Each structure stands twice: as C-alpha cells, then as structure tokens.
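Presented below is the structure to which this report refers.
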Number of protein chains: 2
Amino acid sequence: MSISTQAPTGFRDFFGDEAMLRHETIEKIRRVYESFGFTHLETPALERLEILQGSGGGENEKLIFKVLKRGDKLREELAKIAESNDAARDSEAAIAEYGLRFDLTVPLSRIVSEYRGEILFPFKACHIGPVWRAERAQKGRFREFIQADADIVGSKSWGADVEVIQAGVSAVYATGASGFILKINHRAWLRAALLKEGVSEARHLDFLIALDKKDKLDVGHVRKELEGISGKSLSLAMEKILAGDLTLREAETLDEASGHELSQVIQTLSQLGLPLEDIVFDPSLARGLGYYTGCIFELRHATEGFSFGGGGRYDQLIGRFSKESLPAVGFSIGFDRLMLLLSAQKKDGILKNNSLFMPLFNQELLPAVLKIAKRLREQSIQVDVFPEAAKLKNQFKFADARHYRWALIVGEDELKSGLLKLKDMRSGAEETLDELAVAGRIKSL
Amino acid sequence: MSISTQAPTGFRDFFGDEAMLRHETIEKIRRVYESFGFTHLETPALERLEILQGSGGGENEKLIFKVLKRGDKLREELAKIAESNDAARDSEAAIAEYGLRFDLTVPLSRIVSEYRGEILFPFKACHIGPVWRAERAQKGRFREFIQADADIVGSKSWGADVEVIQAGVSAVYATGASGFILKINHRAWLRAALLKEGVSEARHLDFLIALDKKDKLDVGHVRKELEGISGKSLSLAMEKILAGDLTLREAETLDEASGHELSQVIQTLSQLGLPLEDIVFDPSLARGLGYYTGCIFELRHATEGFSFGGGGRYDQLIGRFSKESLPAVGFSIGFDRLMLLLSAQKKDGILKNNSLFMPLFNQELLPAVLKIAKRLREQSIQVDVFPEAAKLKNQFKFADARHYRWALIVGEDELKSGLLKLKDMRSGAEETLDELAVAGRIKSL
C-alpha cells in the first residue's frame with residue numbers, strides 16, 4: 001500500500017529559502033515587540049476543552065480540533081456508546097478531553113488567572129506561535145497558522161490600547177510589508193447604538209457578526225440580516241453605521257465616554273507618525289468575537305483589502321476564570337497572510353556574501369577540511385562543507401543553488417603548501433591566501 | 001462551576017525571564033546549525049496516523065495523541081460503534097485520522113519523499129519545534145517538549161555523521177551548558193553481533209530495547225531479559241557488550257566495514273577538538289528506535305547522567321514512503337532537559353543595561369511620552385512605557401522587578417525645558433540631558 005506523503009489538508013510544509021524567510025520574519029516581529037518591553041509567553045498547543053469552549057471565541061469554537069482520550073478512559077466511553085445503541089450527540093464530548101488552541105488570547109487569559117500572584121502587572125506579553133482551526137479548506141485559508149500577539153493585561157488606560165496598536169503596526173512594517181490602513185471602532189459605543197436600535201443584549205453578538213459581513217456581502221443582504229435580528233427596519237443612525245458614514249462627533253453623542261476614548265486613541269496614533277496610509281474611524285467595524293468590550297481595530301491593506309491583523313480590548317474575558325476580572329487589550333498579527341503578501345512583493349535571489357562553501361575533493365581530506373571549517377565557524381563565518389567527494393560539477397551546482405558566492409578550495413596541494421584558494425563563484429576569479437587570512441577576507445568583502 | 005486554569009497534565013506554561021531564556025537558547029542552537037549550512041524546516045503539528053504508525057518509532061508510536069475526526073465523518077463512525085453493540089478494538093482507529101507528531105525525524109522523512117524532485121541533495125536541514133508524547137506524567141518528563149534536530153539526507157559518507165554530531169555538540173555547548181560525554185556505537189556492527197548470538201532478525205529490536213535498559217536496571221535483570229529473547233545463555237562476547245568492555249578492535253572483527261567506519265568517526269571527532277569531556281565507544285549503546293541502520297550516538301552529562309541529545313544514521317526510513325530509499329543521519333537535542341540543566345546552573349539576575357523604563361506622571365503626558373519612546377526605539381533602544389499614571393512607588397517597583405536599570409523621567413517641567421532626566425535606579429544618581437542625547441548616552445553606558 002502506498003502512503004500519501006502530502007501534509008494533511010490545510011497544513012503546510014516549509015523548507016529552504018521560504019522556511020528561512022518565515023523564521024527571519026517572525027524574529028523581526030519579536031524584536032519590535034521586545035523593543036516595547038513585551039516579555040515572552042509560551043503556552044501549550046493543547047488546552048482543556050472547558051477552557052476553549054464558552055470563551056467568547058465565536059465561530060472559532062466550532063472549529064476546534066479535539067484530541068481523543070486515551071487508554072482505559074477512552075475504552076470506557078466507547079463501551080458506553082456501544083451499549084447505548086445510540087450515537088448520542090454528547091458522545092463527542094465524552095471521548096475528547098483536550099483541544100488544540102484556536103487563538104492565543106484564551107490561553108493568555110488562562111495564564112493570567114493561574115499565575116495572578118506571580119505576575120507583575122501591567123503584564124506586557126508577546127505570544128507567537130501556531131494556532132489550529134478546522135476551517136473548510138480554501139485558497140489562502142489554512143488549518144494551522146501562526147499568530148503573533150502583543151497584549152497588555154492589567155491597565156484600563158487608553159495608553160495601553162495605543163501601545164499594542166503601535167507595537168503591532170510597527171512589527172508589521174518591520175517585516176518589509178507596507179501600504180496598510182488602520183480601522184478603529186469601539187464596542188461600548190456600538191453597544192449603546194444597538195440598545196438604542198432596540199436590539200436585545202442577547203442578540204448583540206449576532207447583530208455584530210452580521211454587520212461584520214459588510215466587506216464580503218452586498219449591503220442589501222446585510223441589511224436584511226440585520227433587520228431580521230432587530231425585528232424592524234433600520235433606523236437612520238444604523239443606516240449611517242452600515243454605510244460607514246457616521247462621524248466621530250456623531251458617535252460621541254451616542255456614548256460620550258467611549259466616543260471620547262476613541263478620539264484620544266485616534267488622535268494620539270495620528271500624532272505618533274506611524275507609517276500607515278490612513279487611520280480611519282469605521283463605525284461598522286464589528287470584529288465577530290464575543291469577548292471584546294472596548295476599542296477594536298483592524299489592519300487592512302489599502303489595495304489588497306484583506307485584514308493582516310487586529311485586536312481589541314477585552315476587559316471581561318479573564319473574569320471567566322477568576323473571581324475578579326482584569327482589563328486587557330491586545331493586537332494579533334496574522335503571520336501567514338503577511339507571508340503571502342511578502343512573497344508577492346518578490347525579491348532578488350539572496351546571495352550569501354558572508355558564507356563559505358567548501359567542496360570535498362576526496363574522502364581522505366575530510367578530517368582536514370572539517371578542521372578548517374570548524375576554525376572558520378569559530379570566527380563567525382557560516383561554512384557549508386559538502387559531506388562526500390561527489391562529482392565536482394554536482395558539488396558546485398549545489399553551491400550555486402544554495403546561493404553561495406565564495407568557495408574555499410582545499411585540495412592536497414593546498415594542504416601541503418598551507419595556501420588555500422578562495423574562489424568567487426560569480427566571477428570565477430580566484431585568490432590564494434593563508435588559512436588565517438580567510439575569515440578576515442570574507443568579512444571584508 | 002469553577003474551571004481549572006492549570007495547563008493540562010504534563011504540559012507547561014512559560015512567561016517572564018524563563019520564557020525569554022528559552023527563546024534565546026533556541027536561537028543559540030539555531031545559529032550554530034545555520035553556521036554549518038543547515039537550512040530551516042517547518043512541518044505541521046499533525047500528521048496522518050498512517051505516517052506516524054509503523055515508522056520504526058518504537059515505544060513512541062504507542063504514545064501518540066490522536067485527533068478526532070470531525071462532522072459527518074465522525075458521526076458515521078460513532079453510529080457504527082453504537083450499532084455494533086461492541087466497542088471493538090479498532091473503533092479508536094476509525095474515529096481518529098491524524099495524530100500529533102512524536103518526533104521530527106518521521107516528518108522529515110515524509111517531506112524528503114514528497115518534495116524529492118525539488119530538494120537539493122545533500123539536504124542539510126535544521127528542524128526545531130515541539131513534539132508530543134502521551135507519557136505517564138512524572139518529574140522531568142513532559143508530554144509536550146521541544147526537539148532541535150540537524151539532519152543530512154542524501155549522503156552515505158561518514159563525513160555527514162561527523163557533521164551532525166559536531167553541529168549538535170557545538171549547539172549544546174553554545175547554550176552555555178557543559179560537561180558532556182559522547183557515546184558512540186554502530187547498528188550494523190550490533191546487527192552482526194546479534195546474528196552471531198543466534199538472535200533472529202525479527203527479535204533484534206526487542207533485544208536492543210532490552211539492552212538499552214542497562215542504564216536504568218541492574219545487569220542481572222537485563223541479562224535475564226536478553227536471555228529470554230535469545231533463548232539461551234549469553235555468549236562471552238555478548239557479556240562483554242553488556243558490560244561495555246569490548247574494545248573497538250574486537251568490534252571490528254565482528255563486522256569490519258562498520259567497525260572501520262566507527263573508528264574513523266571517533267578518530268575524526270577526537271581530532272576536531274570539541275569541548276567534550278570524552279568520546280567513548282560504548283558497545284552496549286542501543287537506542288531503542290527501529291529505524292537506525294548505522295552509527296548511533298548519545299550525548300550524556302558526565303555527572304548528571306541523563307541523555308541530552310543523540311541520534312544516528314537511518315538509511316531505510318525514507319524508503320517507507322518512496323520507491324528508492326535515501327541515506328540519512330541526524331542529531332536531536334532534547335531542549336527541555338537542557339533547559340533544566342541550564343536553570344540548575346543558576347545565573348545572577350539579568351540587569352538590562354540597554355533598556356529604558358519610562359514612568360508616567362499623569363495621563364495627559366501620554367502622547368508626549370509615547371512620541372519620545374517611539375523616537376528612542378527608532379535608535380534601537382528598548383523602551384518600556386508604563387501605560388497609566390499609577391502610584392510612582394508602584395511604577396518603580398515594576399521597573400525594578402523587570403530588572404531595568406535606567407529610567408527616563410519626562411514630567412511637565414522636563415517637557416517645558418526640553419531637558420529630560422536619566423536616572424540610574426541602582427545608584428539613585430540622576431543626570432539631565434537633551435532628548436537627542438539620550439540614545440547615545442544609553443549605548444555608551
């Protein structure tokens with residue numbers, strides 16, 4: 001039987017230049033977060049299902065990859081199903097205990113509750129890692145993807161909102177991507193508008209999720225769905241929200257506190273001189289997660305349209321796990337979409353100037369070649385030794401495909417004389433030099 | 001109902017200095033691997049169960065976390081179990097499709113088969129990431145842990161064996177850990193010895209797994225188990241192997257080719273002057289994985305005993321997925337055990353010299369403070385702004401606990417005069433300077 005060696009549907013493999021670029025890009029994001037004083041956070045891939053479910057994760061909660069119980073625990077549950085003669089709806093819950101995390105915010109909230117006594121507040125944490133969602137497979141949508149989050153927990157100040165937005169935006173631009181618009185809105189303000197519209201609190205999230213479809217569906221369709229939820233025609237104010245036509249001043253009349261906070265955040269961000277194309281108050285921006293309570297924001301590309309990151313304030317989420325709640329705000333970068341954008345902005349082949357390729361002329365030379373390579377690495381030169389005495393043509397083909405520019409030639413003659421040859425594989429030029437001079441020469445090039 | 005906020009059993013949360021140290025240590029390992037020309041590899045957390053099972057993963061295959069099928073697929077299987085009136089042994093197989101990877105070697109082998117036409121050989125890959133095993137929970141044993149592997153695929157040369165060992169050993173020492181012994185053996189040689197002992201090929205792996213217990217159980221117990229497998233008393237040669245008493249020369253008489261290869265690897269490694277305490281031929285080193293075919297090796301701590309890494313040559317594993325096999329050899333660092341060792345070798349508190357803490361005196365100053373922070377970050381200074389105007393005593397307590405040394409004081413007076421105060425929180429000394437001079441001053445300190 002032949003086994004498929006493809007990655008599971010919606011999952012991906014990365015190697016070579018692409019994998020290297022991914023890693024370098026993650027490190028660029030991390031260094032920006034660190035420059036703001038965010039400290040690292042690392043949490044498990046698996047969480048108890050009770051942590052993941054009912055977290056306000058909205059649609060994401062339906063997309064959890066669940067992990068099977070094991071051993072006796074599992075056998076007991078399977079026996080119960082077999083005895084019951086009925087594959088009850090809750091059998092799924094009985095045979096699974098853990099799930100793969102679908103975001104990094106729920107684990108952060110769990111951690112803050114668990115280690116509340118040890119953590120120093122405000123807790124500024126950066127959390128970068130894969131999350132998993134059993135999405136329907138489609139182009140540009142993956143079941144495993146990386147999020148890069150910066151959160152501040154323990155401060156109600158709008159300064160924290162500005163800092164996470166600034167950190168997120170700076171990190172995205174640090175990767176080399178550009179051309180973004182920041183959209184901002186406020187949940188407390190939206191809440192006031194919805195109450196005024198006569199939408200019951202229980203239906204707020206449904207209303208917001210419907211409103212959020214505005215970018216994908218035509219306005220008529222969205223209006224119909226909204227009216228279905230509110231049970232009547234939209235008011236003039238709601239029509240203006242749907243059209244994105246409401247001004248910040250009009251918004252303030254609906255809820256002064258949140259409107260004022262929103263103004264301050266937008267104004268401060270504008271003054272900071274971020275490289276954004278624009279900072280826009282968008283009264284129809286809803287973000288479909290149940291846990292947001294204050295400012296919400298989204299980073300969209302001016303011409304590509306898609307969202308490349310976003311977040312908001314979630315002052316109640318941590319209260320799910322603790323007696324007291326703690327205010328929190330975070331920005332999450334959609335790393336994989338960013339990588340698609342970066343690879344679309346194609347670059348020239350990477351020529352490795354600070355690296356050396358060492359071909360192997362015959363197997364007996366291996367100990368001597370490995371020793372020279374070791375001494376060069378100790379001087380911070382990257383050295384790639386070809387591990388066997390293959391045809392020289394093939395060895396140089398390898399070096400070329402790996403983008404090496406410099407080859408260090410160490411044959412029997414070179415070892416006898418102590419004079420090695422440094423070859424520029426781009427020009428074909430060779431120079432002869434003492435081993436001790438090699439590292440300095442490479443660094444000077 | 002109160003929800004437990006602990007990480008699942010055997011899983012861990014990391015934050016603050018510990019998380020930072022973990023990340024820095026991973027990057028040190030990665031940089032050493034890169035200095036040898038290993039390129040990055042990134043593979044999914046989930047693999048098809050058919051890839052993970054029957055991979056020669058030995059005991060690890062019993063420890064797979066399986067992921068439940070979803071939706072209709074799952075409902076059908078559950079209905080079948082309910083109808084069958086019998087929780088058959090294979091129901092577990094029917095309801096799960098994927099599993100979490102238990103090592104990084106099996107995914108690497110899959111990748112090499114899948115992308116054989118695109119990959120340049122020899123394929124030197126470094127692969128760093130978490131793996132999952134449903135181990136019985138006990139001290140120092142985790143269900144999620146990080147492996148850091150370097151592999152060379154596509155070369156039979158013992159030069160590749162030397163390179164992965166050298167890269168692995170150098171990477172471990174680059175983290176700051178020290179005091180290791182490298183043990184080496186060879187599977188082809190062991191195979192010859194086992195055949196001579198009259199152990200049938202089908203029982204070789206059982207015999208090796210029993211031999212591998214030598215470090216944990218007393219010799220008498222191991223001997224009994226070995227004799228149970230071979231069905232007779234151990235020969236004098238096998239007694240010498242069990243006692244670790246056999247010389248390399250005696251080993252060569254059992255299988256000349258592998259014995260000679262082993263000699264060359266040991267000799268070359270010795271000549272390279274690695275920082276190891278010792279390089280030892282250990283005829284009883286077995287490593288319990290089915291897929292090894294050539295050199296096997298293990299990095300043990302001279303005084304702590306434990307294994308901190310190891311690997312070997314696996315020339316047949318890739319053939320499971322492809323028509324042709326490809327020779328391969330790899331070294332895997334047990335990152336989490338290494339972290340335990342590093343934290344035992346305790347360090348002084350990290351004082352952040354190149355970072356600045358900015359307290360906030362009142363909320364109105366926030367825009368001005370954020371602007372100064374942004375300009376300083378643009379000059380590569382890490383700046384941690386306190387996001388709200390809390391009690392100053394608490395703000396400085398925060399700065400102290402986060403190990404900051406320098407505070408930049410920006411109050412109303414400082415903004416008016418344009419002269420800021422730089423405070424050394426260790427000595428209490430203050431100096432007054434222009435904003436433009438701050439970055440230079442910090443860097444000069």
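In percent, how large is the relative contact order of region A:253-341, given Cα pairs closer than 8 Å and 6 or more residues apart?
For region A:253-341, the relative contact order is 18 percent.
Roughly how far apart, in whole Å, are the Cα centres of region B:395-445 and region B:168-241?
Taking the Cα centre of region B:168-241 as reference, the centre of region B:395-445 is 61 Å away.
Compute the FRET efficiency between residue A:394 and residue B:93 as 1/(1 + (r/R0)^6), taking r as their Cβ-Cβ distance and R0 = 45 Å, and round to the nearest 0.05. Provide the component values of the computation, followed by the final result.
Numbers: r = 44 Å, r/R0 = 0.98.
FRET efficiency, residue A:394 to residue B:93: 0.55.
Put a dot 7 Å past each Cα toward the Cβ at residue B:403 and residue B:416; how far apart are the dots in nm?
For the pair residue B:416/residue B:403, the computed spacing is 3.9 nm.
Taking 7 Å along the Cα-to-C-beta vector as the label spot, tell me the residue A:247-residue A:216 distance in nanometres, rounded to one decimal.
Inter-label distance under the simple model: 3.4 nm.
Can you give the FRET efficiency for residue B:178 and residue B:27, using 1/(1 + (r/R0)^6), R0 = 25 Å, r = Cβ-Cβ distance, to the nearest 0.05?
My answer for the efficiency is 0.85.
Filter the trypsin sites (Lys or Arg not before Pro) in region B:295-332 to those in DSSP coil with at most 16 other Cβ atoms within 10 Å of their Cβ, and list the result.
Loop-located and lightly packed - B:323.
Whole angstrom only: what separates the Cα centroid of region A:49-127 from the Cα centroid of region B:1-69?
If you average the Cα positions of each part, the centres end up 19 Å apart.
If exposed GluC sites (Glu not before Pro) are those in a DSSP loop with at most 16 other Cβ within 10 Å, what is the longest stretch of chain B that has none? Before the final figure, lay out each step's value.
On the way: sites that count: B:118, B:135, B:277, B:304, B:324, B:378.
Value returned for the longest uninterrupted segment is B:136-276.
Along the Cα-to-Cβ line of residue A:233, 7 Å from the Cα, sits a label point; which residues in region A:206-227 have backbone N less than 20 Å from it?
Taking a point 7 Å out along Cα→Cβ of residue A:233, the residues of region A:206-227 whose backbone N falls under 20 Å are A:219-227.
Based on the Cβ-Cβ distance from residue B:302 to residue B:343, what FRET efficiency comes out when R0 is 22 Å, to the nearest 0.05?
0.70
If you take the alpha carbon radius of gyration of region B:185-332 and divide it by 2.2 N^0.38 Å, what ratio comes out, to two decimals? The partial results should precede the final answer.
Working: Rg = 15.4 Å, N = 148, 2.2 N^0.38 = 14.7 Å.
Against the compact-globule rule of thumb, the ratio is 1.05.
Given H placed on each backbone N at 1.01 Å, which residues far from residue A:67 in sequence or on other chains put an amide H within less than 5 Å of it?
Under 5 Å from the amide H of residue A:67 lie the amide H atoms of A:97, A:98, A:99, A:100, B:68, each far enough along the sequence or on another chain.
Measuring from centroid to centroid over Cα atoms, what is the spacing of region B:375-392 and region A:311-343 in Å?
That distance is 21 Å.
Relative to the other copies, what are the label-point distances for residue A:75, with labels 7 Å from Cα along the C-beta vector, expressed in nm at one decimal and sorted shortest first?
Label-point distances to the other copies, shortest first: 3.1 nm.
Only sites in a loop by DSSP and with at most 13 other Cβ atoms within 10 Å count here; which trypsin sites (Lys or Arg not before Pro) in region B:130-172 make the cut?
Filter output for region B:130-172: B:136, B:139.
Stokes-Einstein D for region A:1-150 at 10 °C, 1.306 mPa s, Kirkwood Rh over Cα pairs, in µm²/s? Walk me through the intermediate numbers first.
Details: Rh = 18.1 Å.
Value of D from the Cα-based Kirkwood radius: 88 µm²/s.
Once you order the gyration tensor axes a ≥ b ≥ c over the Cα atoms, which shape class does region A:39-80 get: rounded for a/c under 1.5, otherwise prolate or oblate by comparing a/b with b/c?
Oblate, because a/c is 1.5 or more while a/b does not exceed b/c.
Can you tell me, using C-alpha contacts under 8 Å and at least 6 residues apart, the relative contact order of region B:352-444 as a whole percent?
Rounded, it is 32 percent for region B:352-444.
Checking a compactness column here: for the protein assembly as shown, what do you get for Rg(Cα) / (2.2 N^0.38 Å), N being the number of residues?
After normalising by residue count via 2.2 N^0.38 Å, the value is 1.04.
Considering every pair of different Cα atoms, what Kirkwood radius, in Å, is found for chain A?
On the way: mean 1/r = 0.0388 Å⁻¹.
For chain A, inverting the mean 1/r across all distinct Cα pairs yields 25.8 Å.
Using θ = phi - 60° and the Karplus relation 6.51 cos²θ - 1.76 cosθ + 1.60, list the HN-Hα couplings for region B:281-290 in order, rounded to whole Hz, with x at every Gly or Pro.
6, 10, x, 9, 5, 10, 6, x, 9, x
With contacts defined as alpha carbon pairs under 8 Å and 6 or more residues apart, what's the relative contact order of chain B in percent?
Worked out over chain B, it gives 15 percent.
Just to be sure I understand: if I project the alpha-carbon convex hull of region A:352-444 onto a plane and average over all orientations, what area do I get in nm²?
Over every viewing direction, the Cα hull of region A:352-444 projects on average to 5.3 nm².
How about region A:380-445: which trypsin sites (Lys or Arg not before Pro) there lie in a loop by DSSP and see at most 14 other Cβ atoms within 10 Å? Could you put the intermediate results ahead of the total?
Values: sites: A:391, A:393, A:397, A:402, A:405, A:416, A:421, A:423, A:426, A:441, A:443; in loops: A:391, A:402, A:426.
In loop regions of region A:380-445 (DSSP not H, G, I, E or B), the sparsely surrounded trypsin sites (Lys or Arg not before Pro) are A:391, A:426.
Using a 7 Å offset from Cα along the direction of the beta-carbon, what are the separations from residue B:136 to the same position in each other copy, nm, ascending?
Taking the point 7 Å beyond Cα along Cα→Cβ, the inter-copy spacings are 4.7 nm.
I need the inter-copy label distances for residue B:362: point set 7 Å along Cα to C-beta, values in nm with one decimal, smallest first.
List, nearest first: 8.5 nm.
Since every read-out is calculated from the coordinates, none of them should be taken as a lab result. All of these numbers come straight from a predicted model, not from anything done at the bench. Don't worry about glycine lacking a Cβ; one is built from the backbone with ideal geometry, like all the others, and counts go over all protein chains shown.
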